[in-house]
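Written below as structure tokens is the structure these notes are about.
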Amino acid sequence: MEFLTLFGSGVAIGIVSSMIGIGGGSFMVPLLVLGGFVGNAQGAVGTSIAGVLFMGLSASVAYRRSRTGDLGLALWTAPAAVLTSWGSAALSGRVESGGILVAFGVFLALMGLVMAFGKTPKELGGAPRRLLPYPWGGLLVGALAGITAGLFGLGGGTIMVPGFSFLLGIEIHTAVATSLLVMIPSAGIATVQHALAGNTHWEFVLPLALGIVLGAQIGPRTAKKLPQRALRRIFSLALFYAAFRMIAKGLS
């Protein structure tokens, strides 16, 4: 029963996460903690980031078929994401569990607000407004994304999608696909770090990963049919829900 629950959850997480360009950590961490599968935040983060790795691999294959992602921007962003994900993963074991959960929730809520009320350069009209130079600005976006990958068990998409869209002027469908490309190496490094620290529950990774791989093949097909505004609203609602649950758990 436990296997089927995690597999079914993995399918749903794979569909939604691949649609909006996140690794699924914002769903997997609450699932593992609130569902009682793991006893602390570090175990949830270490298990989640392994699932994020499979998420990125599967979804990138699906998006690659449609040639949606920006490979050049991904190559600029990935090195910074890898370095900071390694460092923050090492730091996570020294932080009190409840504090991680509360910080995780606040972070998700802020990103939800950005996506709910922000406008992309295309919606504002005129030429794309780039607050950071393209593609070098990807280094800063990648550094911030790597921190979330290692410390919170996320793939970094909650930083990269709004970062690419609002700071680099990238159309959101391209931002989603590029985010998934970048999270492969960053999630891979963070997975190794957490596994070596004993934070990864592989018995939970297997059913989650199987479901995620399946769901991540469905999500990109659905995302291509949605307008930018609808995609951003779905993204923000998912983040608000996860933020509320994690803050409540961290304060309890």
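On a 0 to 90° scale, report how tilted helix 172-196 is relative to the longest principal axis of the chain, with both axes built from alpha carbons and the result rounded to the nearest 10. Result, in degrees: 30. Averaged over residues, the count of other Cβ atoms within 10 Å places the peptides 6-19, 230-243 in the sequence 6-19, 230-243, highest first. Each other residue within a Cβ distance under 10 Å of Leu34 adds +1 if Lys or Arg and -1 if Asp or Glu, for a net charge of +2. Angle check, please: helix 228-251 long axis (alpha carbons) against the longest principal axis of the chain (alpha carbons), in degrees 0 to 90, nearest 10. Once rounded, the angle reads 30 degrees. With the charge dipole of segment 2-251 set up from +1 on Lys and Arg Cβ and -1 on Asp and Glu Cβ about the Cα centre, the Cα lying farthest toward the positive end among the listed residues Gln193, Thr178, Val106 is that of Thr178. Working from Cα positions, state the angle (0 to 90°, nearest 10) between the long axis of helix 41-66 and the longest principal axis of the chain. Taking the Cα atoms of the chain, the angle to 41-66 is about 40 degrees. Qualifying chymotrypsin sites (Phe, Trp or Tyr not before Pro) in segment 141-188, where qualification requires a DSSP coil assignment and no more than 15 other C-beta atoms within 10 Å, are lacking entirely. For the options Gly188, Gly156, Gly72, a Gaussian network treatment of the chain with springs between C-alpha atoms closer than 10 Å singles out Gly72 as fluctuating the most. Under a model in which nothing but the beta-carbon of Lys, Arg (+1) and Asp, Glu (-1) is charged, segment 2-251 shows a dipole of about 820 debye around its Cα centre. Extent of segment 173-234 along its three principal axes (Cα atoms, max minus min coordinate, largest first): 42, 22, 18 Å. In units of the compact-protein estimate 2.2 N^0.38 Å, the chain shows a Cα radius of gyration of 0.91.
Build a GNM of the chain with springs between Cα atoms under 10 Å apart, and of Pro133, Pro79, Pro162 the one that fluctuates most is Pro133.
Considering only Gly198, Gly215, Gly87, the Gaussian network model of the chain with Cα springs below 10 Å gives its largest mean-square fluctuation to Gly198.
Bear in mind these aren't lab numbers, they're just calculated from the coordinates by the rules spelled out. Note that the structure is predicted; figures quoted are calculated from it, not measured. Cβ: placed from backbone, ideal geometry, glycine included. Neighbour counts: every protein chain shown.
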